[in-house]
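Step one of this worksheet: look at the structure below.
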Amino acid sequence: MRLYLSSFRNGDHTHRLLALRHTDRPVAVIANAVDDAPAAIRREAFTGERERLGTIGLTCEEVDLRDFAGDEAALEAKLRGFEIAWLRGGNVFALRYAMALSGADRVLPRLLADDAIVYAGYSAGPCCLAPSLRGLEACDDVSVVRRLYGAEPIWDGLGVIDEAFVPHLDSPGHPETELLASVAAAYAREGVSHLRLRDGDVYVVDGDSRELLCRT
């Protein structure tokens, strides 16, 4: 299994992302965490990732999970053509529901088990890998799922990692740093195992190796 989980954007250790690749196939950018944004911002959600990842030599294509609603097989065939799935930040509940709608919550763990793809990204993207999303309602609006889909939110994560993922801690430039400090404090009180990342930090998994790399 190969993971590159950043607190914010590319993180400070992009050489490790490049080292995780087995091929030069492109990156699938999944931006469904911002599906509730106005159209111009939603478009920027992909173009911004393409530009930032382009600075480290990666070629990107958007994969919109909404295009694969009810067609898990088509999504799996599509994603097998990429080396990296890059799941950007935004609203974790919007992303999680889009994963369920498309079958990505089953496809991505299968691809990881086959070592067929690198799961990478930041904020909401890594948060979805935890066993549960409980607690994140303190910073992300749960009602986005009702607005977008007329449905109830999904609280289970994909369970790919054993801990909750808490980004943006001790990151004064990020607007959610205080909210996520309260999330981390609640997890500590409740005995919930969690990874604590500051912006710039990256959690890297490469087979049996697991490293939390600090910001530079």
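The values are calculated or read from the model by the stated rules, or taken from the named source; none is laboratory data. No experiment lies behind these values; they were computed from the predicted model shown. We place every Cβ from the backbone using ideal geometry, glycine too, and count neighbours over all the protein chains shown. Each accessible area value is taken on the protein alone, full model and side chains, heavy atoms only, with ligands, DNA and RNA left out. Shrake-Rupley method; radii C 1.70, N 1.55, O 1.52, S 1.80 Å.
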- Item | Residues being surrounded by 13 or more Cβ atoms within 10 Å (Cβ to Cβ) and either in contact with a His (Cβ under 8 Å, 6 or more places away or on another chain) or not acidic (Asp, Glu) (or both) - total across the stretch 67-80 | 7
- Counted residues, the stretch 23-42 - those being under 15 Å from Ala120 (Cα atoms) and either in contact with a Pro (Cβ under 7 Å, 6 or more places away or on another chain) or assigned to a helix (DSSP H, G or I) (or both): 2
- Message: Between a residue in the stretch 86-99 that is closer than 15 Å to His174 by Cβ and any residue that is modelled with pLDDT under 95 and open to solvent by 20 Å² or more (accessible area, probe 1.4 Å), which pairs come within a Cβ distance under 8 Å, given they are 6 or more apart or on different chains?
- Response: none
- Among the residues of the stretch 83-93, which ones are crowded, with 22+ Cβ neighbours inside 10 Å and in a loop (DSSP other than H, G, I, E, B)? Arg88, Gly89, Gly90, Asn91
- Just give me the residues in the stretch 18-41 being more than 16 Å from the chain's Cα centre (by Cα), β-branched (Val, Ile, Thr) and under 24 Å from Ala100 (Cα atoms), in sequence order. Ile41
- Query: Which of the residues spanning the stretch 151-187 are more than 29 Å from Ala113 (Cα to Cα), assigned to a loop (DSSP other than H, G, I, E, B) and open to solvent by less than 70 Å² (accessible area, probe 1.4 Å)?
  - Reply: Ala151, Leu169, Ser171, His174, Glu176
- Message: With the requirement that a residue be buried (at least 24 other Cβ atoms within 10 Å of the Cβ), among the aliphatic types (A, V, I, L, M) and more than 20 Å from His22 (Cβ to Cβ), what does the stretch 101-128 give you?
- Response: Ala104, Ala124
- Within the set of pairs 6 or more residues apart or between chains, which connect a residue that is in contact (Cβ under 8 Å) with a residue 24 or more places away in the chain and more than 23 Å from Ala39 (Cβ to Cβ) inside the stretch 148-163 to a residue that is open to solvent by less than 40 Å² (accessible area, probe 1.4 Å) and of a type in the set (Lys, Arg) with Cβ atoms less than 6 Å apart? Ile154/Arg96
- Condition set in contact with a helix residue (DSSP H, G or I) (Cβ under 8 Å, 6 or more places away or on another chain) and free of Cβ contacts under 8 Å to residues at least 40 places away in the same chain, scope the stretch 38-57, selection least open to solvent (accessible area, probe 1.4 Å): answer is Arg42
- How do the pairs read when you match residues in the stretch 108-135 that are closer than 15 Å to Leu75 by Cβ and assigned to a loop (DSSP other than H, G, I, E, B) with residues anywhere that are of a type in the set (A, V, I, L, M) and at pLDDT 95 or above, using Cβ under 6 Å and keeping only pairs 6 or more apart or on different chains? Ile117/Ala85; Ile117/Leu111
- Members of the stretch 42-77 that are closer than 16 Å to Arg9 by Cβ and either among the charged types (D, E, K, R) or under 18 Å from the mean Cα position of the chain (by Cα) (or both): Glu44, Ala45, Phe46, Thr47, Gly48, Glu49, Arg50, Glu51, Arg52, Leu53, Leu58, Cys60
